[in-house]
There are 2 protein chains.
Amino acid sequence: MRRLHVLSFVMLSSFSYTSFAQGCNSSLLPSWKDGKSKTAIVDFVKQATNKESDKFVAVEDRIAVFDNDGTLWSEKPYYFQLVFAFDQIKAMATDHPEWKTQEPFKFVLEDDLKSVFAGGEKSLLEIVKATHSGMTVEEYQKAVGQWLQAAKDKRFNKAYTALTYKPMKEMLAYLQDNDFKTYIVSGGGVDFMRVWAPQAYNIPQEQIIGSALKYKYSYNDGKPTVVKLGEILTIDDKAGKVENIQHIIGKKPILAVGNSDGDQAMMQWATSQPHSMAMIVHHTDEAREWKYDRKSDVGHLDSALDEANKRDNWHLIDMKNEWCEIY
Amino acid sequence: MRRLHVLSFVMLSSFSYTSFAQGCNSSLLPSWKDGKSKTAIVDFVKQATNKESDKFVAVEDRIAVFDNDGTLWSEKPYYFQLVFAFDQIKAMATDHPEWKTQEPFKFVLEDDLKSVFAGGEKSLLEIVKATHSGMTVEEYQKAVGQWLQAAKDKRFNKAYTALTYKPMKEMLAYLQDNDFKTYIVSGGGVDFMRVWAPQAYNIPQEQIIGSALKYKYSYNDGKPTVVKLGEILTIDDKAGKVENIQHIIGKKPILAVGNSDGDQAMMQWATSQPHSMAMIVHHTDEAREWKYDRKSDVGHLDSALDEANKRDNWHLIDMKNEWCEIY
């Protein structure tokens, strides 16, 4: 009996939490509790799409940009693309016996991630080059796809694509239904995201902007290939996000959503015009997801948090108190 | 009477030429004579959009890329963007007295274009830097817009945007009506094209890919700006076109249209898959436009012409014999 009681309690509690928690019974954005953030989103969209409103925005200017890591899916304990890179190093190690003694590869093989991260950007770049270049885009994306099918996040024991945020996917769909062109503008690799993000977020490959290595086109015996080189083409972070938005979209977005100081520049850029808005996913939920901001290396949110507190059209999304469900 | 006769003849001849010339009376693609190229376009679109066809292409894969200079508008006697740059040098000269004696600027001021071009890429790059950098994108585009309103092509005494090809605009519209996503992939500057191309071709700014200088984002006193730097970010020509298609679109186009060897790589890339097609605008009409191919510096068409003659799904568009009207 005791066991059944416990089970009933768990089921009821989970049932009530996801469906009947206060403000969690709406048909519009159902994973968002009624509250400040949901109101901000709905008001923004209603005004932008209402021809009678003085905040109406023409369809061609309804550009919305979203960071990915920590904004559309989780990013802890560290970026999922890095997990992929580390797993690839292990898979490739038999062909690279020299890695057993060579930093930073030996640290990866020994699961000594502290030492990997202690090596800073230089170490990470070496790992990225070893796992992300010297192959065609096609070959690389095949490897990403295979990894995604097998790999699981350790804490939640779920596929990484199952750690995309349900409320954010509802927000994307709501914007798309209202003729917004939704873009990802992420520090993550563009070729990495293009494998799975189109399906996860209903965002086509050509609306995904990210960091990238240089590409090299060759044509041999009637066979054209594009190979990923070991040199950086663009780092899509901070000012780089705005520069890539200018280069690739050529238009100022009217909505920018992020979760860290890396997104602050694109939020400033978007909200330097009328009828615009910025939102920050604030990681406040250590039970259901993670809790971090000013002191975290991954998803460091400090100066953008200060700016959000000062500006009327910058909104903080309180994950713990405003999201009925996370995943 | 004689004068009237001549006038009647001219009117009749022009009337007959544009409206009743053989094969020029169709409601579909009206500026295209019935013939090989028109048939190729219509067949291609009908198959790609017919779910019963084994050449059906899903909407999200209907990506079509077009070169601009010489493919969608004229490019002779030299690229119109260069005319803009030379005109800007002249307009800026009062603030730069040193240019009177400094190459290549002095050649521009003396209208000695032979000497400008003799300086090769290095000279042109200096002119581009002087006229295309050191200002915000907004300021630059304002200057382009003002120039376009005033400047006229010398041979035709028309605004440059009036020298866009009517048949190609019909082809773009036909593709767009059939859910193709049409892109410009041009060696011209992306910021230059974004000023006028969206209106001219019904192609939004975010579907325009071109050469670009680096951008620099700054945020001062609450005012964000993006400045154009004097360093090259990307040259969108030859292999660069494919590399930019990979970077920005992330998908292989099924249709690539160009007019020179600079477009050969992207035509090879597009047609390395089934259900694809390449087309080349062949400048064969010295009376109504220009006639050039293998021996021309601007719009040099040599090796791509050879390849087109060998490949079934590469089509030459004979401007003189297949276009009822040019502009």
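The values are calculated or read from the model by the stated rules, or taken from the named source; none is laboratory data. Predicted model, so just to flag it, every value in this text is computed and none were measured. Ideal geometry is used to build each Cβ from the backbone, glycine not excepted, and the neighbour counts take in all protein chains shown. We work out accessible area using only protein heavy atoms, side chains counted, and drop any ligands, DNA or RNA first. Shrake-Rupley method; radii C 1.70, N 1.55, O 1.52, S 1.80 Å.
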Problem - Residue ID - nearest to the other protein chains (Cβ to nearest Cβ), chosen from residues in the range B:266-311 that are among the small types (Gly, Ala, Ser) and in a helix (DSSP H, G or I) - result: B:270
Practice task
Give, as residue ranges, the helices (runs of 4 or more DSSP H) completely inside the range B:75-175 that count at least 2 residues that are of a type in the set (Phe, Trp, Tyr).
Solution key: B:80-92, B:105-109, B:137-150
Exercise for the section: Read through the list (1) more than 24 Å from residue B:265 (Cβ to Cβ); (2) in contact with a Phe, Trp or Tyr (Cβ under 9 Å, 6 or more places away or on another chain); (3) surrounded by fewer than 22 Cβ atoms within 10 Å (Cβ to Cβ), then give the number of the only condition that residue A:229 fails. Expected result: (1)
Problem - Residue within the range B:67-77 that is buried (at least 16 other Cβ atoms within 10 Å of the Cβ), farther than 14 Å from residue B:152 by Cα and polar (S, T, N, Q) present - result: yes
Exercise for the section: Report, ordered by the first and then the second residue, all pairs with beta carbons closer than 9 Å, sequence separation of six or more or different chains, a first member in the range B:79-107 that is among the hydrophobic types (A, V, I, L, M, F, W, C), and a second member that is loosely packed, with under 13 Cβ neighbours inside 10 Å. Expected result: B:86/B:111; B:93/B:100; B:105/B:98; B:107/B:114; B:107/B:118
Fill in the blank from the handout: Across the range B:48-58, the tally of residues that are surrounded by fewer than 12 Cβ atoms within 10 Å (Cβ to Cβ) and hydrophobic (A, V, I, L, M, F, W, C) stands at 1
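If you scan the range B:289-314, which residues turn out to be within 20 Å of residue B:73 (Cβ to Cβ) and open to solvent by 50 Å² or more (accessible area, probe 1.4 Å)?
First, the residues of the range B:289-314 that are within 20 Å of residue B:73 (Cβ to Cβ): B:289-293, B:296-301, B:304.
Within the range B:289-314, B:290, B:291, B:297, B:300 meet the criteria.
In the range A:246-265, how many are of a type in the set (A, V, I, L, M, F, W, C) and within 9 Å of another protein chain (Cβ to nearest Cβ)?
From the range A:246-265, those of a type in the set (A, V, I, L, M, F, W, C) are A:248-249, A:254-257, A:265; that's our starting set.
From what is left, the residues that are within 9 Å of another protein chain (Cβ to nearest Cβ) are A:248-249, A:265.
Count: 3.
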Exercise for the section: State yes or no: is residue B:276 more than 19 Å from the chain's Cα centre (by Cα) and open to solvent by less than 30 Å² (accessible area, probe 1.4 Å)? Expected result: yes
Problem - Filter result for the condition that a residue is surrounded by fewer than 17 Cβ atoms within 10 Å (Cβ to Cβ) and not charged (D, E, K, R), over A:115, A:123 - result: A:115
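Among the residues of the range B:179-186, are any assigned to a helix (DSSP H, G or I) and modelled with pLDDT of 95 or more? Give the derivation first.
Filtering the range B:179-186 down to residues assigned to a helix (DSSP H, G or I) leaves none.
No, every residue in the range B:179-186 fails to be assigned to a helix (DSSP H, G or I) and modelled with pLDDT of 95 or more.
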Fill in the blank from the handout: Picked from the range A:177-198 (must be under 21 Å from residue A:48 (Cα atoms) and not acidic (Asp, Glu)), the residue farthest from the other protein chains (Cβ to nearest Cβ) is A:178
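Please go through the range B:199-212 and give me each residue that is more than 8 Å from every other protein chain (Cβ to nearest Cβ) and part of a strand (DSSP E or B), ordered by number. Break it down stepwise before answering.
Going residue by residue through the range B:199-212, those that are more than 8 Å from every other protein chain (Cβ to nearest Cβ) are B:199-203, B:207, B:209-211.
Answer for the range B:199-212, where residues must be more than 8 Å from every other protein chain (Cβ to nearest Cβ) and part of a strand (DSSP E or B): B:209, B:210, B:211.
Kindly indicate which of B:235, B:245 is open to solvent by less than 30 Å² (accessible area, probe 1.4 Å) and in contact (Cβ under 8 Å) with a residue 24 or more places away in the chain. Quick ask: steps written out before the conclusion?
Numbers: B:235 fails: open to solvent by less than 30 Å² (accessible area, probe 1.4 Å).
When all the criteria are applied, what remains is B:245.
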Practice task
Among what's in the range A:220-235 and is within 11 Å of chain B (Cβ to nearest Cβ) and at pLDDT 95 or above, pick the residue that is farthest from the chain's Cα centre (by Cα).
Solution key: A:224
Exercise for the section: Select, from A:174, A:215, the only residue that is open to solvent by 10 Å² or more (accessible area, probe 1.4 Å), of a type in the set (Phe, Trp, Tyr), touching a residue at least 12 places away in the same chain (Cβ under 8 Å) and within 14 Å of chain B (Cβ to nearest Cβ). Expected result: A:215
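Could you say which residue among A:281, A:257 is more than 13 Å from residue A:64 (Cα to Cα) and touching an Asp or Glu at 6+ places or on another chain (Cβ under 9 Å)?
It is A:281.
Would you mind finding the one in A:85, A:143, A:118 that is outside the structural domain of residue A:301 (by TED's automatic domain parsing), over 30 Å from residue A:287 (Cα atoms) and not acidic (Asp, Glu)?
Every option except A:143 fails the conditions.
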Exercise for the section: Can you confirm whether the range A:266-273 contains a residue that is surrounded by fewer than 20 Cβ atoms within 10 Å (Cβ to Cβ), in the same structural domain as residue A:40 (by TED's automatic domain parsing) and within 23 Å of residue B:252 (Cα to Cα)? Expected result: no
